[in-house]
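What follows is a short report on a single structure.
The values are calculated or read from the model by the stated rules, or taken from the named source; none is laboratory data. Being a predicted model, the structure only gives us computed values, none of them experimental. All Cβ positions, even for glycine, are placed from backbone atoms using ideal geometry, and neighbour counts span all protein chains on display. Remember, those area values only see protein heavy atoms, side chains included, never the ligands or the DNA or RNA. Shrake-Rupley method; radii C 1.70, N 1.55, O 1.52, S 1.80 Å.
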Amino acid sequence: MKYVTAAIALFLTTTAPATAQDTMLYRGGPIVTMDGDTPQTVEAVVTIGDRIAFAGPEKQARQAAGKDAAIHDLKGATLLPGFIDAHSHFTVATMSAGGLDLRDKSLGPITDIAGVSAAIRNHLAHNPAKPAGWTTVWQFDHETLAEKRYITRAELDAIAPDRPLVVLHVSLHGAVANSAALKAAGIDEATPVPPGSMILRDDAGKLNGVLLEKAMFLMLAKMPQPTAEQKLAALDAAQNAYFAEGYTHAQDGATLPHDVAFLTSPQARERLKIDLALLPFSTGLDALLAQPDLEFGTYQGHVKLQGIKFVLDGSVQARTGYFTRDYKRGSPEGHHPWHGDPVLSEADFIAQASKANDRGWQLFVHANGDAAIDMAIRGFDALGIKAADDRRPVVIHSQFQRRDQLPAYVRIGVGPAYFSNHAWYWADVHRTNFPAEVVDFISPLRSARAAGLTPSNHSDYSVTPLDTRFMLWTAMARASPTGVVSGPEERLNAYEALQALTTGPAWQIFEEERKGRIKPGLLADFVILDKNPLTTPVDGIGDIKVRETIKEGRSVWRAKP
């Protein structure tokens, strides 16, 4: 007991004074600490204020907590560290309200272009707006349709001849616009195609409305933005969407300048309860560099600038990822041979990344295809980054990594942020473009661990849902809807899959001594699940429910009874 008392006393000397109401004892169910390479459980946890004060036997926990502490009886549920979002697009959650989500289950199956058109018509009929009002459609995926093609400008014009209408590809790397939207954005037949982009045309050589990669931003820049008041109103719903999945930390994985300004504003900081890491987009780098006192890695309330986001290639399912081999089905326009192009030139990447690196800012690099990953590696090497420097550059997705690229990641100290949901959503599509042995190595979580790397796993929301238990399942099963398993040797067990949502992403953002484990001194960030993932069969992982999410000792979300 004297050691427990001494530990609590030491904790109290480093935190604000606490009252009995600030002290909570968790007990009555499995408590998985995630502290170590093998599963460790404790009987009880004591929190004081926003920190964990004790984790261990219940008898000692009760003594440490004192007789006036509140007790949270888990009633057989499982307590884990709060999940950490390794990569998603938080701002999308603040923007998508009012648009049409084609993945909305209430729409029923949408299997062809006619079904997409019908859903849009129905949405417009039930959401009347002034003729100049824009409509945004989310989650369009041509690969799920019978035609395997994009909807066209002409088809959108037939639905909305006078109202700007934009259909965003599920990858967030492309969009389709009708004539009214193209006109409003100033895009016409003479518009130059930005480097690393595509503006597609029909058989007659006219714009067909499809804008891929940087060309999409020509449209997005002209679309009306929500007001600050509308964004503030959307913040609660956005963070609650993350809390409902057990996240206590979120990321905005490509933050534009106006969103940086909004999310770091005093008004937004006052509303935020979830920890939020921002990755300002590299297109705004020079403006950031012009601020000599700008701090990265330091929280202002619950928000911080984490690092600079670079995009080297596009989306593999959209066939804009950059590879060393050709796509069997050719380019998005059907041209052969086609292996994709970089979105950013290697010279520009190195020049820009060097500026950020010289300021000590962490580098986050989007790279899907193996050629893009080669480019990232050469860039890091050109900057002289080594693992011993502990700079922890993160390669987001690292989707089609080759086995021979793993040693370079180790040498440099890269944190690979993998995306196991691809095995379910698009592995069958990838097999129509690349050999089976290539697809079987997507998101090589087990090989990365074996090499000594610290990987994470992410949803890339809104590309795939925020569902954390589904992410656990895809990392453990790696199965597609047709039952094909992509690389069975890359499957993780439940504990390893949990590490990719807790300790892995915590390490990648330099917060391993702040969150991701249940350990005295760390934040009291928890998720309570109705079942223990460590004892649940793989096929039942996706059915596990989040009961409650606790952020810094306070309940921020509870499932309805």
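For the reader, a short list of remarks on this structure follows.
- Extension gain (nm, one decimal) between SER555 and GLN40, 0.36 nm per residue minus Cα-Cα: 183.0 nm
- Between segment 344-387 and segment 116-172, the alpha-carbon center distance in angstrom: 36
- A full extension of the chain between LYS105 and GLU229 corresponds to an added length of 41.7 nm, given 0.36 nm per residue minus the alpha carbon distance.
- Maximal additional length on extending the ALA347-ALA450 stretch stands at 33.8 nm, based on 0.36 nm per residue less the C-alpha distance.
- Peptides 341-350, 518-527 ordered by average Cβ neighbours within 10 Å, highest first: 518-527, 341-350
- Förster radius 22 Å - calculated FRET efficiency between LYS148 and ASP326, Cβ distance, rounded to 0.05: 0.75
- Peptides 34-43, 269-278, 179-188 ranked from most to least packed give 269-278, 179-188, 34-43, packing being the mean of other C-beta atoms within 10 angstrom over each peptide's residues.
- Part-to-part distance (alpha-carbon centres) for segment 270-310 and segment 196-254, which is given in Å: 19
- Take each peptide in 255-266, 465-476, count the other Cβ atoms within 10 Å of every residue, and average; sorted highest first, the result is 465-476, 255-266.
- In this rough spin-label picture, where each label sits 7 Å from Cα along the Cβ direction, the THR432-ARG359 distance is 4.3 nm.
- Applying the criteria of a DSSP loop state and at most 13 other Cβ atoms within 10 Å to the GluC sites (Glu not before Pro) of segment 504-561 yields GLU513.
- With a simple spin-label model that places each label point 7 Å from the Cα along the Cα-to-Cβ direction, the separation between ASP157 and TRP134 comes to 2.1 nm.
- Apolar share of the accessible surface for segment 98-160: 56 percent from carbon plus sulfur atoms, 1.4 Å probe.
- Beta bridges by DSSP in the chain, antiparallel share as percent, to the nearest 5: 50
- Note on segment 509-561: with neighbouring protein chains present and a 1.4 Å probe, carbon and sulfur make up 49 percent of its accessible heavy-atom surface.
- In this structure, GLU295 and GLU513 have a Cβ-Cβ separation that, at R0 = 22 Å, corresponds to a calculated FRET efficiency of about 0.70.
- Amide H partners (placed H, <5 Å) of ILE71, local residues excluded: LEU25
- Share of carbon and sulfur in the accessible heavy-atom surface of segment 188-311 [1.4 Å probe, %]: 55
- Mean residue ellipticity, 222 nm, helices only, the chain: the sum of -39500 (n - 2.57) across DSSP H runs of n ≥ 4, divided by residue count and rounded to 500, is -8000 deg cm²/dmol.
- Per residue, the solvent-accessible area of segment 324-465 (1.4 Å probe, heavy atoms of protein chains only, all protein chains present) comes to 34 Å².
- Charge sum, other residues only, whose C-beta stays under 11 Å from GLY196's C-beta, Lys/Arg counted +1 and Asp/Glu -1: -3
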